[in-house]
1. Out of everything in the stretch A:232-271 that is at pLDDT below 95 and touching a helix residue (DSSP H, G or I) at 6+ places or on another chain (Cβ under 8 Å), what residue ends up being farthest from residue A:21 (Cα to Cα)?
2. With respect to residue A:308, is the statement that it is open to solvent by less than 60 Å² (accessible area, probe 1.4 Å), part of a strand (DSSP E or B) and within 27 Å of residue A:360 (Cα to Cα) true?
3. Please go through the stretch A:373-416 and give me each residue that is under 16 Å from residue A:434 (Cβ atoms) and open to solvent by 60 Å² or more (accessible area, probe 1.4 Å), ordered by number.
4. If you take the residues in the stretch A:199-235 that are within 15 Å of the chain's Cα centre (by Cα) and of a type in the set (Phe, Trp, Tyr), which one is nearest to RNA strand B (Cβ to nearest atom)?
5. Keeping to the stretch A:425-441, report how many residues are on the phi < 0 side of the Ramachandran plot, in contact with a helix residue (DSSP H, G or I) (Cβ under 8 Å, 6 or more places away or on another chain) and more than 7 Å from RNA strand B (Cβ to nearest atom).
6. Just one of the numbered conditions (1) closer than 28 Å to residue A:48 by Cα; (2) crowded, with 17+ Cβ neighbours inside 10 Å; (3) among the polar types (S, T, N, Q) is not true of residue A:446; which one?
7. Give the residues of the stretch A:431-464 that are assigned to a loop (DSSP other than H, G, I, E, B) and over 37 Å from the mean Cα position of the chain (by Cα), sorted by residue number.
Amino acid sequence: MSDVKLEDIVSLAKRRGFIYQGSEVYGGLSGTWDYGPLGTKLKRNIKDAWLKMFVDGWDDMHQVDAAILMNKKVWEASGHVDTFTDPLVECSNCKSRFRADHLEGDKCPNCSKTGTLSEPRQFNMMFRTNVGATWGSYENRGGNIVSGDISVKNQNGEKIDGFSIKEDRNDRNSVMVYDVNSVSYLRPETAQGIFTNYKNVLDSFYPDLPFGIAQIGKAFRNEISPRDFVFRSREFEQMEVEYFVDPAKWEESFEHWRKDIHVFLEQLGLDKDNIHELEVPEDDRAHYSKRTIDFEYDFPHKKDELLGLAYRTDFDLKNIQENSGKNMEYTVKGTNEKFIPHVIEPSFGVERLLMAVLSSAYKVDEQNGEQRVYLALPEDLAPVRYAVSPLLKNKPELVAKAREVYKALKKKYGNVMWDDNGNIGKRYRRQDEIGTPHCVVIDFDTLEDGTVTIRDRDTTEQKRVKIEEI
RNA sequence: GCGGGCGUCGUAUAAUGGCUAAUAUGCCUGCCUUCCAAGCAAGCGAUGAGAGUUCGAUUCUCUCCGCCCGCACCA
């Protein structure tokens, strides 16, 4: 288990400019987090590592970047509009909640009253409207009105469930209803942006099977209770691949992915002992999946899902073919064999990886009798790779030389920070906390022989090297 | 969503129905400092938002917002 406290991570993330509460100046917005300069860099490095490994590192991988807003039909065909809900019911008497499919009859299992169970569902799609809201009426069920817990009729008198609805405070029988025809959903997964472009990529490249289409992008879910820092939020970033395979060979590719995922996680510095594979049983799998492995990680809050690997069959392409009328078949070159490819889908959450990286890198040790906190980030992930300091900042010749070294390193590596704050010990501690692997210090010897000291974050040891050798 | 707890400088804590809301750290300016949070001096910085009670509210009450914990949920 992780022995780092979540609050320590949150505090450091805030203090050092990794992650801030979303909309903080206005009191925040539940389930949103903003990334500060270092958090943005760390996130970028994680995404780069992923691209390097799975897109650049695999053959026949094609990256796309689809629009977040998509035609409504995408989500109707994918099954999300119908099934992407939590089938909960609530007792209007005792307020307890239950899964609708676990109940028998209309008796509340908690307080035993009958006829008190509502007909709610939590709609997990987020959406935006293209035009302003209109006013409509709803069937008042009595008691407290809860958004998502009432039904709304559209202009044709048909019941529409699940939309977030705002009460008119002046008239409790009137609510604001969004015009259904103007709705476009915020994608709850990036996958559909890939499937909808499958045909386009085929037309441009016609890659041999197996091949993959990769995408990194934001996704949105109307989570009931965002929780555990950035672990579960309403807006998050996914890195997904749809890997198209011959249905007869899906297991081979599945296994390939499974292995590479472990390699990747190790590269991020995650401890093998904290990573657990969970074979998801049929009952818990998504509606499209024939096999799913959840990769779980020992987070500070608890063991929880880090990413998923799913065999998605031909569910999506088949749906698209049926709903769009367009042919999604793949023709094997040479044999002219035709079939709809099946799909292996590894799905990574950037924030979850970031949280795992932070919590595994968070270390506390003792230096000269004092507690030291440092982030043992892998070199490629560290937001700052080199910090450059003059040993003393009131000696112009040292400062000038240090500036020179800084400029050269900055040009070479990019993520290099100038630091002349306080004294040298303070700088080391500060750089430790943001996970800078190397501190370069220019002293009087540098002026003589062109060598500098490089101090290592994890061991605190220093050695002298020529400037050019860095 | 329900129930419980909480919300004070960037961070970590203290205190208070009435005095300039304190301490450490941080940040900033200057001095000093020849390698692991040294020192001196000056400065910056907070009661989540709104309403109510009150002569007076950061403190009491209510609503909202947010965070944490439990339940539930997370195809």
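The values are calculated or read from the model by the stated rules, or taken from the named source; none is laboratory data. Here the structure is a predicted model, which is why all the values come from computation and not from measurement. Please note: Cβ atoms are built from the backbone with ideal geometry, for glycine as well, and neighbour counts cover all protein chains shown. Note: accessible area is taken over every heavy atom of the protein model, side chains too, but ligands, DNA and RNA are not part of it. Shrake-Rupley method; radii C 1.70, N 1.55, O 1.52, S 1.80 Å.
1. Checked the stretch A:232-271; the qualifying residue farthest from residue A:21 (Cα to Cα) is A:271.
2. Working: open to solvent by less than 60 Å² (accessible area, probe 1.4 Å): yes; part of a strand (DSSP E or B): yes; within 27 Å of residue A:360 (Cα to Cα): yes.
Criteria met by residue A:308.
3. A:379, A:380, A:413
4. A:229
5. Let us first name the residues in the stretch A:425-441 that are on the phi < 0 side of the Ramachandran plot, namely A:425-434, A:436-441.
Imposing the further condition that a residue be in contact with a helix residue (DSSP H, G or I) (Cβ under 8 Å, 6 or more places away or on another chain) reduces the set to A:433-434, A:439-441.
Subset that is more than 7 Å from RNA strand B (Cβ to nearest atom): A:434, A:439-440.
So the count comes out to 3.
6. (1)
7. Of the residues in the stretch A:431-464, the ones assigned to a loop (DSSP other than H, G, I, E, B) are A:434-437, A:443, A:450, A:457-461.
Across the stretch A:431-464, the qualifying residues are A:443, A:450.
Yes or no, residue by residue, for (1) within 22 Å of residue A:445 (Cβ to Cβ); (2) near RNA strand B (Cβ under 10 Å from one of its atoms); (3) touching a Ser or Thr at 6+ places or on another chain (Cβ under 8 Å):
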site	(1), (2), (3)
A:360	no, no, yes
A:365	no, no, no
A:374	no, yes, no
A:382	no, no, yes
A:391	yes, yes, no
A:408	yes, no, no
A:411	no, no, no
